[in-house]
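Each remark here refers to the structure printed beneath this line.
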Amino acid sequence: AKALRTIQQRYLPSSDDPTRRVLGVIRPTVEHLAGIDTNGHIGIVATPGTIASHSYDIEIAKMCPGYRLTSHACPMWVPLVENGQLDNPGTDYFVRKDLDAVMREDEEIDTLILGCTHYPLIRNTIGRIMGDRVTLVNPAYETARELKELLQEKDLLNDETHRLGEEQYRFFVSDGAEKFKIFANSIIKYGILSAKVVPIEDYQGQFCE
């Protein structure tokens, strides 16, 4: 949310790698908003950093003029998810408390953006509290869809089918590789067998292995 433009400008496609692209999650999400049936009252729940960046406000103003955005920071949701508390009374309490605050600010919200990659993991709780009249938007899904379209456009999409459990992915993290593997294996059943810590100052060189 905060660094996307800087990263995109630094790693523009070059003659050495014309296919290089850096995708964000915000623009694909707002593009999706423009194509769904909504009354124009959009809610977003996200981390304090994302809310403070006003990134969604800026993109919605550009791509969906006239839409109104009600934002609310939910600092407790990420720790709950990372500690495996996906569906219990404690999770229900904090999620309900934050969603009640969103709806008090604007009771006409009919679309809610889950503005953090952790939040779709408690989608069932969020959906139960918000009810059927509110459409939940998952930025991770919209970004993955845009990535697939980009790979197809560049003729880079790998159509090979893998069996579950095969080592088919490599993950690079800035810290806590072992914690990442444990967490990822608790939610994704595809065999997370490789996670490597890459110091931030070495990102460019490490990814070119």
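The values are calculated or read from the model by the stated rules, or taken from the named source; none is laboratory data. Keep in mind the model is a prediction, meaning the values are calculated, not measured. No Cβ is skipped: glycine too gets one built from the backbone with ideal geometry, and neighbour counts run over all protein chains shown. Calculation scope for accessible area: heavy atoms of the full protein, side chains included, ligands and nucleic acids excluded. Shrake-Rupley method; radii C 1.70, N 1.55, O 1.52, S 1.80 Å.
Can you confirm whether Thr143 is part of a helix (DSSP H, G or I) and more than 22 Å from Gly35 (Cα to Cα)? Here the answer is no, as Thr143 does not meet what is asked.
Conditions (1) over 23 Å from Ile126 (Cβ atoms); (2) out of contact with any strand residue (DSSP E or B) (no Cβ under 7 Å at 6 or more places or on another chain), marked per residue:
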| site | (1), (2) |
| --- | --- |
| Leu4 | yes, yes |
| Thr29 | no, no |
| Pro48 | no, no |
| Asp57 | no, no |
| Ala61 | yes, yes |
| Gly66 | yes, yes |
| Pro75 | no, yes |
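Taking Gly84 as the residue in question, decide whether it is open to solvent by 20 Å² or more (accessible area, probe 1.4 Å), at pLDDT below 90 and within 22 Å of Arg123 (Cβ to Cβ). For Gly84, the condition - open to solvent by 20 Å² or more (accessible area, probe 1.4 Å), at pLDDT below 90 and within 22 Å of Arg123 (Cβ to Cβ) - is met.
Mind listing whichever residues of the range 137-148 are open to solvent by 30 Å² or more (accessible area, probe 1.4 Å) and either at pLDDT 95 or above or touching a Leu at 6+ places or on another chain (Cβ under 8 Å) (or both)? Give the steps one after another, and end with the answer.
Quick first cut of the range 137-148, residues open to solvent by 30 Å² or more (accessible area, probe 1.4 Å) only: 138, 140-141, 144-148.
Within the range 137-148, Asn138, Glu146, Leu147, Lys148 qualify.
Restricting the range 34-56 to residues that are under 16 Å from Pro139 (Cα atoms) and over 16 Å from the mean Cα position of the chain (by Cα), the residue that is least open to solvent (accessible area, probe 1.4 Å) is Ile42.
Against the numbered list (1) within 27 Å of Asn39 (Cα to Cα); (2) open to solvent by less than 60 Å² (accessible area, probe 1.4 Å); (3) not in a loop (DSSP other than H, G, I, E, B), Pro79 comes up short only at (1). Taken over the range 13-30, the residue count meeting the criterion of being open to solvent by 100 Å² or more (accessible area, probe 1.4 Å), of a type outside the set (Ser, Thr, Tyr) and at pLDDT below 85 is 2. Taken over the range 134-156, the criterion of being under 25 Å from Thr50 (Cβ atoms) and basic (Lys, Arg) is satisfied by Arg145, Lys148.
Close contacts from the range 100-127, counting a first residue that is surrounded by 14 or more Cβ atoms within 10 Å (Cβ to Cβ) and a second that is aromatic (Phe, Trp, Tyr), with Cβ to Cβ under 8 Å and a gap of 6+ residues or different chains, come to Ile113/Tyr56; Gly115/Tyr56; Cys116/Trp77; His118/Trp77; Tyr119/Trp77; Pro120/Tyr141; Ile122/Trp77; Ile126/Tyr119.
Condition first: open to solvent by less than 70 Å² (accessible area, probe 1.4 Å) and modelled with pLDDT of 65 or more. Now tell me which residues in the range 187-207 satisfy that. Within the range 187-207, Ile187, Ile188, Ser194, Ala195, Val197, Val198, Pro199, Asp202 qualify.
Quickly run through the range 87-121 and pick out the residues that are within 22 Å of the chain's Cα centre (by Cα) and assigned to a loop (DSSP other than H, G, I, E, B). Correct list: Asp87, Ile109, Asp110, Cys116, Thr117, His118.
As a summary of the residue check, Lys62 satisfies the conditions (1) touching a Phe, Trp or Tyr at 6+ places or on another chain (Cβ under 8 Å); (2) charged (D, E, K, R); (3) open to solvent by 70 Å² or more (accessible area, probe 1.4 Å) except for the one numbered (1).
So that you can scan it fast, the table gives a plain yes or no per residue for (1) free of Cβ contacts under 8 Å to residues at least 24 places away in the same chain; (2) under 30 Å from Asp155 (Cβ atoms); (3) in a helix (DSSP H, G or I):
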{"position": "Arg5", "(1), (2), (3)": "yes, yes, yes"}
{"position": "Gln9", "(1), (2), (3)": "yes, yes, yes"}
{"position": "Leu12", "(1), (2), (3)": "yes, yes, no"}
{"position": "Pro28", "(1), (2), (3)": "no, yes, yes"}
{"position": "Ile58", "(1), (2), (3)": "yes, no, yes"}
{"position": "Ala61", "(1), (2), (3)": "yes, no, yes"}
{"position": "Leu69", "(1), (2), (3)": "no, no, no"}
{"position": "Pro75", "(1), (2), (3)": "no, no, no"}
